[in-house]
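Notes for the one structure printed next.
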Amino acid sequence: MTIYTVHAPPTKGEDTSPEPDRFVFVRDGFYFWAFVFGPVWLLAKRQWFALLFYVLVVAALQVGLWLMKVPPVTHTLVSLFMHFLVGLEAATVQRWTLNRRRWTQSGIVSGANEEAAERRFFDVWVLQQKKWPTGPVAPSPPPPPRTPPASTDINIIGLFPEPQSRQ
């Protein structure tokens, strides 16, 4: 089973609920295409700050390696490692970008694929929308205060009763 985080778009008014077709499901795990095509994948997902950070870090690493006069194999290994990090952290970067754009995380769901996860999430989400109104909810009353038992010499099994004298 794959784990997905569900993100809802920002709502324009307080009393409107987000449109279900705009929800985004972000799969948790390694993104192979982000590993293979790191910068292109970041461009396709419109993650501008992540792309800028990636370009700056890779350029600084390559310049640093060039200044230290390391062999070209090391340059390749460092680039491969950076691509591996992009593939590993692609979901985190995607969640960060959605959070920065004021999307809210609506839940976590698991499913065999994205379609199954969507089905499971929206089955519960629709029930919650029907059960709970979107307007302000009155606070629940506080629980009644607990009263101590009338007698304190109750012997309960497992609580090590005090020793008694034998007759």
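When you work out D = kT/(6 pi eta Rh) for the range 2-114 at 37 °C and 0.692 mPa s, using the Kirkwood radius from C-alpha pairs as Rh and the Stokes-Einstein form, the result is 207 µm²/s.
3J(HN,Hα) along the range 92-99, derived from phi through the Karplus expression 6.51 cos²θ - 1.76 cosθ + 1.60 where θ = phi - 60°, amounts to 5, 5, 5, 5, 4, 5, 5, 5 Hz, with x in place of Gly and Pro. Listed by chain and number, the lysines whose alpha-carbon sits under 22 Å from that of Lys130, ignoring those within fewer than 8 places in the same chain, are Lys12.
Couplings for the range 58-70, taken from phi via the Karplus curve 6.51 cos²θ - 1.76 cosθ + 1.60 with θ = phi - 60°, read 5, 5, 5, 5, 5, 5, x, 5, 5, 5, 7, 6, 7 Hz in order; Gly and Pro are left as x. Computed over the alpha carbons of the range 1-66, Rg followed by Dmax gives 17.0, 57 Å.
Please give the contour-minus-distance gain from Asp28 to Ser106: 0.36 nm per residue of separation, less the Cα-Cα distance, rounded to one decimal in nm.
Values: separation 78, 0.36 × 78 = 28.08 nm, distance 1.51 nm.
Using 0.36 nm per residue and subtracting the Cα-Cα distance, I get 26.6 nm.
Computed from the coordinates by the stated procedures, all read-outs in this text should not be read as laboratory data. Note that this is a predicted model, so its numbers are computed, not measured.
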